[in-house]
1. So, in segment 24-41, of the ones that are surrounded by 19 or more Cβ atoms within 10 Å (Cβ to Cβ) and either part of a loop (DSSP other than H, G, I, E, B) or in the same structural domain as Glu195 (by TED's automatic domain parsing) (or both), which residue ends up modelled with the lowest pLDDT?
2. Could you please give the count of residues in segment 263-300 that are closer than 12 Å to Pro48 by Cα and part of a loop (DSSP other than H, G, I, E, B)?
3. Answer with yes or no whether Ala256 is of a type in the set (A, V, I, L, M, F, W, C), surrounded by fewer than 24 Cβ atoms within 10 Å (Cβ to Cβ), at negative phi and in the same structural domain as Gly56 (by TED's automatic domain parsing).
4. Does segment 173-192 contain any residue that is modelled with pLDDT under 95, in a loop (DSSP other than H, G, I, E, B) and surrounded by fewer than 18 Cβ atoms within 10 Å (Cβ to Cβ)?
5. Only residues in segment 284-299 that are touching a residue at least 12 places away in the same chain (Cβ under 8 Å) count as the first member; pair them with residues that are among the charged types (D, E, K, R), Cβ under 7 angstrom, at least 6 apart or cross-chain, and list the lot.
6. I'd like to check something: does segment 156-168 contain any residue that is within 21 Å of the chain's Cα centre (by Cα), buried (at least 23 other Cβ atoms within 10 Å of the Cβ) and either of a type outside the set (D, E, K, R) or within 23 Å of Thr223 (Cβ to Cβ) (or both)?
7. Among the residues of segment 193-210, how many are crowded, with 23+ Cβ neighbours inside 10 Å and part of a strand (DSSP E or B)?
Amino acid sequence: MLDRRRVVRGGLAALGSLSLAAPRALAQAKTPVKIRYNEVVRSTLYTPAYVAMSKGYFAKAGLEPAMTTANGGDKSIAALVSGAADIALIGPETAIYVQTSDSPTKVRIFCGLTSTDGFMLVGRDKADPFDWKAVKGKEILGFRPGSTPLLFLEAALRKNGIDPQKDVKLINNVGVPARVGAWLSGQGQYGIFHEPDTSQLELDGKAHFCASVGETVGFADYTAFMATEKYIHDNPAIIQSWTEAIAEGMKWTASAPAADIAAVLVQYFPGVNPKALVGGAQRYQRLKIWKSTPVIEPAAIEKFQDILVQGHVLDANKRVKFEDLVVTQFAAKAK
């Protein structure tokens, strides 16, 4: 069996241990602090972060994010632990894999963003109502091995009595930027896509919504902000300010009309039909995909690790304790 944990271990380097100092506010700083910020992919799943940037919440907190997009969890975590990024937005599984590795470099989660998986299962034919058993014997365009999208898809399949290894053929070797093109070229009878890709495919008549993977699996913190232990230790004021800016972005996103959310997202998704952005925002609001608070609860991490164990990417005896994985003080203080 493929050891999917190896995909995040290639670039680990020693950075030291964690001993948190008291955070200091950055809002009074004359010059904003530049943060090298790496997001795993570009997706409206991360809307509160885009809101924090475009609405000036980071600027108000004294921060200036310089955002890059990794297009892969392995690339994002490698950028973080190698020192090419200060803060990364990735699935918690990457921090767990690093924690259970032999590397002295460790990564800690300090702020949540999404409450569960934001991918939608789509099909080539319309099915109303949809039954998960319809995917048996079919090809599903999945995601990278060991990634959260694939693990949650597998969990959704198992929850519906479908063995991901025997009952379906998962196509997991297509790179993130090429996934839509692969679907349009005919790969898979079913596939998983996040927004705005799902809504765009629907508008183009190239796919039909079948089910929400996250709604099927249930709530389990899916994407989070993390940094190395050394960075958190050395920059507690930055981590606190970052968390507070995200909290403001969450509050705005929770109550804003979908059209207003789409207006914010246009600059981050050039060329995307505004109707797809509106549709995606409505769907994520309805499903409560975006967290309303940056706080991460222990039960969410336990459920997430259940999925990793069931997906055979984490040994049951190597589960990471919540307090060893999540730094809680920053989210607890965020207003």
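1. Filtering segment 24-41 for residues that are surrounded by 19 or more Cβ atoms within 10 Å (Cβ to Cβ) and either part of a loop (DSSP other than H, G, I, E, B) or in the same structural domain as Glu195 (by TED's automatic domain parsing) (or both), the one modelled with the lowest pLDDT comes out as Leu26.
2. Filtering segment 263-300 for residues closer than 12 Å to Pro48 by Cα gives 264-265, 281, 284-285, 289-294.
Within this subset, residues satisfying the condition of being part of a loop (DSSP other than H, G, I, E, B) are 289, 291-294.
Result for segment 263-300: 5.
3. Criteria met by Ala256.
4. yes
5. Tyr284/Glu195; Leu287/Glu215; Ile296/Asp221
6. Step one: of segment 156-168, the residues within 21 Å of the chain's Cα centre (by Cα) are 156-157.
Filter once more, so that each one left must be buried (at least 23 other Cβ atoms within 10 Å of the Cβ): 156-157.
Pick out the ones that are also either of a type outside the set (D, E, K, R) or within 23 Å of Thr223 (Cβ to Cβ) (or both) and you get 156-157.
Within segment 156-168, one or more residues are within 21 Å of the chain's Cα centre (by Cα), buried (at least 23 other Cβ atoms within 10 Å of the Cβ) and either of a type outside the set (D, E, K, R) or within 23 Å of Thr223 (Cβ to Cβ) (or both).
7. Residues that pass the stated criteria total 2.
Residues are listed down the side, and each one gets a yes or a no for (1) crowded, with 24+ Cβ neighbours inside 10 Å; (2) within 11 Å of Met226 (Cβ to Cβ); (3) out of contact with any Gly (no Cβ under 7 Å at 6 or more places or on another chain):
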site: Tyr97; (1), (2), (3): yes, no, yes
site: Asp117; (1), (2), (3): yes, no, no
site: Met120; (1), (2), (3): yes, no, yes
site: Asp125; (1), (2), (3): no, no, yes
site: Glu139; (1), (2), (3): no, no, no
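The values are calculated or read from the model by the stated rules, or taken from the named source; none is laboratory data. This one's a predicted model, so the numbers in the text were calculated from it and none came from an experiment. Backbone-built Cβ (ideal geometry, glycine too); neighbour counts: all protein chains shown.
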